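K.L.:
The following block contains the structure, expressed as structure tokens.
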Amino acid sequence: MFPASIRSLMNPPPGLDIDFTSPPGAPALVPFNGISWQIFANPLTVFIGGVAAVLLELAEPSVRSGVWEHSNFRKDPVLRMRRTGFAALVTVYAPREKAEKMIACVVRMHDRVTGATPDGLPYRANDPRLLTWVHATALFGFVEAFSQYGSPLTLNLKSKAFLEGQEAARLYGADTPPTTWQEWQQLLRSTAPHLEDSLIMAEFLDLVESAPILPAWLRPIQRLLVRAAVEMTPPPVRSFPSLRRRGLRRGEATIVRAMGRSATIIPIPNLPPAQAAQRFAALALASR
């Protein structure tokens, strides 16, 4: 029952209703049935990983200013998260042509996003350095959440996920996206001295804990998933004062893993992963 209750996290937000079922056999930006197809099919770990990724992104001063000053996150966090999460699903499951069209639209919107941090550092959303950080942190979040709470991944499989994400990263404008798990860790180490805590990180956590993302009766589970995201956030961000005592409590990791594994085992029909599989099943039937 629980996996079905979080299906809304994968439903298309307004303006992003994409048909994943056609044309038959049309390739996506990542290989059919690659490790990315498994990772992004789990709505629970996608949610956890998305929250962890945003925490890492908000720790980077230029990214934080761009997100907080030029998006509707504070006004409508549910819509913002649905749009961001669904865009990730499009890059994995949609036919290549449709994914490329969506990404081009996002790049054009980002062209208008410029400004300066409170310290006076100028930024622009389409800066390749910032795009590399955003892409890498997002992929880290989805991969690590799936590995910790869905199904354990080897280092080779984690690296394969980063490799599969290369084409989408380049289309978004990232110039040096990590191609392996080791390269991600190297990027994290080199960026760590520039990461910083802020009141915005605590405000973000408060928003995603209280926003009507899940039904009211599942709101305690929603807060549990947010704590799971904090728990898996790597240092130095995990040790920031705004994140202290906001991770998992004793015994909660076992509960999250049980839910995550059930979401991996129990398929949810009519969502992008299942629709994309139909695209290739239709081709197989036609060839018989």
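K.L.:
Under the rule of -39500 (n - 2.57) per DSSP H run of 4 or more residues, summed and divided by the residues of the chain, what mean residue ellipticity at 222 nm is obtained, to the nearest 500 deg cm²/dmol?
P.N.:
-18500 deg cm²/dmol
K.L.:
Continuing with the same structure: Taking the alpha-carbon centroid of each part, what is the distance from the stretch 16-41 to the stretch 127-186 in angstrom?
P.N.:
18
K.L.:
With labels modelled as points extended 7 Å from the Cα through the Cβ direction, what inter-label distance (nm, one decimal) is found for Glu183 paired with Arg261?
P.N.:
3.3
K.L.:
Something else now. In the stretch 188-286, which trypsin sites (Lys or Arg not before Pro) are in a loop and have at most 16 other Cβ atoms within 10 Å, using DSSP for the loop call?
P.N.:
Taking the stretch 188-286 and a limit of 16 other Cβ atoms within 10 Å, the loop trypsin sites (Lys or Arg not before Pro) found are Arg244, Arg245, Arg249, Arg250.
K.L.:
Assigning unit charges at the beta carbon (Lys, Arg +1; Asp, Glu -1) and nothing else, what dipole magnitude in debye, to the nearest 20, does the chain show about its Cα centre?
P.N.:
680
K.L.:
Let me ask something additional. Run the quick spin-label model on Asp111 and Trp217: label points 7 Å from Cα toward the beta carbon, then report their separation in nm to one decimal.
P.N.:
Spacing of the two 7 Å Cα→Cβ label points: 4.9 nm.
K.L.:
With contacts defined as alpha carbon pairs under 8 Å and 6 or more residues apart, what's the relative contact order of the chain in percent?
P.N.:
Value for the chain: 31 percent.
K.L.:
Also, quick follow-up: Restrict the search to the stretch 64-156; then list the trypsin sites (Lys or Arg not before Pro) that DSSP places in a loop and that have at most 10 other Cβ atoms within 10 Å of their Cβ.
P.N.:
Here the sparse-neighbourhood loop sites are Lys75, Arg112.
K.L.:
Largest first, please: the extent of the C-alpha atoms of the chain along each principal axis, to the nearest Å.
P.N.:
Its Cα atoms span 63, 43, 37 Å along the three principal axes.
None of the figures in this text is laboratory data; all of them are computed from the coordinates on show. Note that this is a predicted model, so its numbers are computed, not measured. Cβ: placed from backbone, ideal geometry, glycine included. Neighbour counts: every protein chain shown.
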